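A short worksheet on the structure shown next.
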Amino acid sequence: MMPLNEPFDLVLFGSTGDLSTRKLLPALFSLYADARLPNEWRLVALFRREHKDFIETLHKSVGVKHDLNDKKLKSKWASFTKHVVCLSFDATEPDNYGELKELVEQQADSNKIFYLATPSALYGKICNGLAKARLNSLKSRIVLEKPIGSDLASAKKINQLVCRHFKEQQIFRIDHYLGKETVQNLLVLRFANTIFESQWNQKYIDNIQITISETLGVEERAQFYDHVGALRDMGQNHLLQLLCIVAMEPPARFNPDAVRDEKVKVLRALRVLGDQDVQKKVVRGQYSSGISNGVAVAGYLDEEGVAPSSETETFVAMKVEIDNWRWAGVPFYLRTGKRLVHRACEIVVHFKEVPHSIFDLQHKNTMANKLVFRLQPDEGIRLKLCEKKRGPGVSVRSTELSLSPDYLNRKHIPDAYERLLGDVISNNQTLFVRQDELIAAWEWLDPILKHWDESEQEPEPYIAGSWGPAAATLLLAKDGRLWDETSSPLQESMLNEGEE
Ligand code: BG6
């Protein structure tokens, strides 16, 4: 892997927050331990209140992912900490930015990266402060975490505030699902092979399912999550971004604007949902108590920090249609939820059944080809085909080919944040969301949010540890389909064993 050459200062707003400690700081250490950072760089950690023990916090957070007792990593850790500078800083106070400027300008030639791991309501104030201190020169980049806004109007407003001071080529809107290894592999599989592209359309594909299921509940994030819910937290960004990657036309080049031009066309071609469509095509649920990973867990309403009568959804499933030549008539079924039966993220492309079978196929539809992109856990791509069962006669059974066998032997697949942080440092925007994409996603989502706001309909409860509310099963059953719930390699091999 290439080292990222130019010196930089990474100024992290919200250094002690959940995202920084769980994802960003360990990712930064991974890049450092892999010798992927230049010699000159600094992490400028900002936190609101005096935080004397930041290095301890950092040690704890990095230690979750890396064995810091390991001799080699121990010495890496010691040198890593020499790059860390701390500043207690109230980002809402415009006069403070002078002090920040003095600090970051100690390294005159470095690129300045301002990473906003804070609620998006603060983005405008931070950008004003940075601009007032003239920290928005072309040497500066700004990284924005999702969700940006809570609906179309607020997203537009925040964008305007940011764009007043930073040019689009300085703005990195992060969606960490785009940094996952299998997503990039999906792009390569689609656009570096001819065999798939010819099949990649309504003529051969029956439906596409995208599932992001989590076993975790709301954990310590209730204060944030209860105002946000699954649609804004995962749907507006991760699910729609994965949809774009699967459905986009081949870009002319693999460069930031060519790729994003194609993604935005998909978002603009999504069929708009009216009130009645929302009722028919969107399901929202909320987990009640149950068993998760063998442990009894509380329902959402009993979680600490959740309003007792909260109507926030912890699950959403949707049937989405794309009105263009390639995808006319192909439903995309999207779902995500907390406290589901297991943690997985998969994109499953279901091909049509054979038009006429000369073999005795017992379950013709379940024997149709299927291409599975598994983003996590056990990343990889698998193709489900039919083969002859060994022995006398001709009976047909399904089998699976792994299209990514090297994943199984690889020790370390870079974490999404590692990849994306590296891209920010090396100034590559390909895997970041452009302004028009963000707005197009909110434009599509807004009618759903409005309908939920205005209707009296509450989220449907589902038992923690299940696959979500019954209405989600019905959503597909109405179309004569089932969610793909058998596609983990383990379950498939069990199914096949049963057949022998
Ligand atoms: C985040 C959401 O964007 O993604 C969280 O805010 C969610 O609610 C997380 O848990 C899931 O990410 P991953 O990479 O662990 O699947």
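Descriptive notes on the structure:
- Charge dipole (the range 106-230, unit charges on Cβ, about Cα centre) - positive-most of Gly179, His165, Tyr225: His165
- Degrees between helix 54-65 axis and first principal axis of the chain (Cα, 0 to 90, nearest 10): 20
- Size of charge dipole - the chain - debye, nearest 20, with Cβ of Lys, Arg +1 and Asp, Glu -1, no other charges: 1200
- Listed residue (Ala441, Ile425, Asn136) projecting farthest to the positive dipole end of the chain, Cβ model: Ile425
- Dipole magnitude of the range 1-129, debye to nearest 20 (Cβ charges: Lys/Arg +1, Asp/Glu -1, about Cα centre): 580
- Cα-based helix-to-principal-axis angle, 256-269 vs the chain, degrees rounded to 10: 50
- Summing Cβ point charges (Lys, Arg +1; Asp, Glu -1) relative to the Cα centre of the range 125-197 gives a dipole of roughly 580 debye.
- For the chain, the share of DSSP beta bridges that are antiparallel, to the nearest 5, is 55%.
- Against the chain, whose longest principal axis is taken from its Cα atoms, helix 416-425 shows a tilt of about 50°.
- Between the range 320-379 and the range 425-488, the alpha-carbon center distance in angstrom: 16
- Classification of the range 283-363 by its C-alpha gyration tensor yields an oblate form. The axis ratio a/c (a ≥ b ≥ c) is 1.5 or more, and b/c is at least a/b.
- Each peptide in 79-87, 67-75 was scored by the mean count of other Cβ atoms within 10 Å over its residues; highest first, the order is 79-87, 67-75.
- Sequence-distant lysines (8 or more away, or on other chains) whose Cα lies within less than 27 Å of Lys101: Lys23, Lys52, Lys82, Lys112, Lys125, Lys132, Lys139, Lys146, Lys157, Lys167
- Ordering of 173-181, 227-235 by burial proxy (mean other Cβ atoms within 10 Å per residue, highest first): 173-181, 227-235
- Calculated [θ] (222 nm, deg cm²/dmol) that DSSP helices of n ≥ 4 give over the chain, each run adding -39,500 (n - 2.57): -9500 deg cm²/dmol
- Overall shape: oblate for the range 396-474, with the ratio a/c of the largest to smallest alpha carbon gyration tensor axis at 1.5 or above and b/c at least equal to a/b.
- Tensor-based shape of the range 151-243 (alpha-carbon gyration tensor, a/c under 1.5 rounded, otherwise prolate or oblate): oblate
- Relative contact order for the range 198-280, counting Cα pairs under 8 Å that sit 6 or more residues apart, in percent: 20
No value in this document is a laboratory result; all are computed from the given coordinates. Quick caveat, the model's predicted, so the values are computed rather than measured. Quick reminder, even Gly has a Cβ in these numbers, built from the backbone with ideal geometry, and neighbours come from all protein chains shown.
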